[in-house]
Amino acid sequence: MNETHRGRLTREGIRIHETADFAGMHRAGALAAQILDEIAEHVFVGQTTAAIDKVIEDRVNASGAKSATIGYKGYQHASCISVNHVVCHGIPGDKVLKDGDILNVDVTVIVDGWFGDTSRMYVAGKLSRKAERLVQVTHDALMKGIEAVRPGATFGDIGHAIQSYVEAHRMSVVRDFCGHGLGRVFHAPPNVLHYGRAGSGPRLEEGMFFTIEPMVNLGRPETKVLADDWTAVTRDKSLSAQFEHSIGVTDTGAEIFTLSPAGKFHPTWA
Ligand code: MF3
Ligand code: CO
Ligand code: CO
C-alpha cells in the first residue's frame, strides 16, 4: 500500500486511518497548539494582525514544519486572523487591535506530512461581558461536539449537539462554513456540519480524523465574503467567535490532537 494514503475509504469517501497514524497527527496537532500558546503574549492593544502572523510564520519555519495555508488556493499567510464581526478567513494586515477586540487565530501546520489544524479566541485588552458570553458558549459548543464523538455515533449527532447548545443560549451557528476531514491532506471528506439532526449523516468509525470548528454569532447566522475573496463577515455585523480542534476517533471516543500544551486554549485561562 502507498505510504501517502494508507488505510481504506468508507463509501462516503472518508479515510479510516491506522492506529500508527494517530502519532503523526498528535505531533502535528501539538505543534499547531503550541504555536497558538506562544502567540498569546503577542496579542495586545496597538498590535497589528500582520505582526501576530509574522510571529506564527517565523515559529513554523523555526520548527522545521511547513505552513499549510501559505500557497493554499493563493492564500499568502501562515494564519487567518478574524477580528470581531469577521467570522473566519480574516487576512492578517495593518489592522491595529483596540481595547476589547476579540479575535480568532487559526493555524495549520504540516509535520512529516500530517496536518494539524486548530484555532482559538484571544482578546486585546479587556473582555466585555457580551464577548465573554459569546466566547464561552462557542468554546463549550465545540466541547459538546467532541463529547458526541464515538464509534457508532453519526456526524449529525455532532452537529445536533453543537446547534442545540448554541441555540439554547440564543446565539446562532454559522451554516456557510464547516469542519472537514484531514490527515495527510488539508481538507478531505466529510463536511463536518455544526448543525443537524441526531442520527443523520455518515456513521463515525475508529480511525477517522477530522476537525470540529464551530463559528457562533451573537446575531443572525448569515455571512458574506468581502471583495478580497477571503474575509467572511456576519451580514448583520454582529460579533462572531470560533474554536477549532483536530481530532481522531478512538475505540471509545475522541483523541484531541490539538490540545494546548500550556492549558491556554481559552482566553481567560492564560
Ligand atoms: N485553517 C482553516 C480551516 O480551519 C482553513 C484556512 S485556509 C486559508 O479549515 F487559506 F484561508 F488559510
Ligand atoms: Co479546519
Ligand atoms: Co483551521
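The values are calculated or read from the model by the stated rules, or taken from the named source; none is laboratory data. Only a predicted model underlies this, so the values are computations on that prediction, with no experimental measurement involved. Positions of Cβ are backbone-derived with ideal geometry, glycine not excepted, and every protein chain shown enters the neighbour counts. These accessible areas exclude ligands, DNA and RNA; they are computed on the full protein's heavy atoms, side chains included. Shrake-Rupley method; radii C 1.70, N 1.55, O 1.52, S 1.80 Å.
Of all residues in the range 1-39, how many are outside any loop (DSSP other than H, G, I, E, B) and under 18 Å from Gly116 (Cβ atoms)? Show your work before the answer.
Residues of the range 1-39 outside any loop (DSSP other than H, G, I, E, B): 8-9, 15-16, 21-39.
Imposing the further condition that a residue be under 18 Å from Gly116 (Cβ atoms) reduces the set to 15, 21-39.
So the count comes out to 20.
When the residues of the range 56-76 are filtered to those that are outside any helix (DSSP H, G or I) and open to solvent by 50 Å² or more (accessible area, probe 1.4 Å), which remaining residue is farthest from Phe265 (Cα to Cα)? Spell out how you get there, then give the answer.
In the first step, residues of the range 56-76 are kept if they are outside any helix (DSSP H, G or I); the result is 64-71, 75-76.
Subset that is open to solvent by 50 Å² or more (accessible area, probe 1.4 Å): 64, 66, 70-71, 76.
Working: Gly64: 23, Lys66: 22, Ile70: 24, Gly71: 27, Gln76: 25 Å.
That would be Gly71.
Per-residue answers, yes or no, for (1) loosely packed, with under 14 Cβ neighbours inside 10 Å; (2) under 24 Å from Val174 (Cβ atoms); (3) under 19 Å from the mean Cα position of the chain (by Cα); (4) aromatic (Phe, Trp, Tyr):
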residue	(1), (2), (3), (4)
Arg6	no, no, no, no
Thr19	yes, no, no, no
His42	no, no, no, no
Thr49	no, yes, yes, no
Lys54	no, no, no, no
Ile81	no, yes, yes, no
Asp94	yes, no, no, no
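Residues are listed down the side, and each one gets a yes or a no for (1) outside any helix (DSSP H, G or I); (2) open to solvent by 50 Å² or more (accessible area, probe 1.4 Å); (3) modelled with pLDDT under 95:
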residue: Val135; (1), (2), (3): no, no, no
residue: His139; (1), (2), (3): no, no, no
residue: Gly145; (1), (2), (3): no, no, no
residue: His160; (1), (2), (3): no, yes, no
residue: Val166; (1), (2), (3): no, no, no
residue: His180; (1), (2), (3): yes, no, no
residue: Arg197; (1), (2), (3): yes, yes, no
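Of all residues in the range 9-45, how many are within 30 Å of Gly100 (Cβ to Cβ) and touching a residue at least 60 places away in the same chain (Cβ under 8 Å)? Outline the logic, then answer.
Filtering the range 9-45 down to residues within 30 Å of Gly100 (Cβ to Cβ) leaves 32-45.
Retained after the next criterion (residues that are touching a residue at least 60 places away in the same chain (Cβ under 8 Å)): 32-37, 39-40, 43-45.
Number of matching residues: 11.
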Taking the range 40-55 and keeping residues farther than 13 Å from Ile81 by Cα and not in a helix (DSSP H, G or I) leaves Phe44, Val45, Gly46
Among the candidates Asp101, Asp106, which residue alone is on the phi < 0 side of the Ramachandran plot, charged (D, E, K, R), more than 16 Å from ligand 1 (Cβ to nearest atom) and at pLDDT 95 or above? Asp101
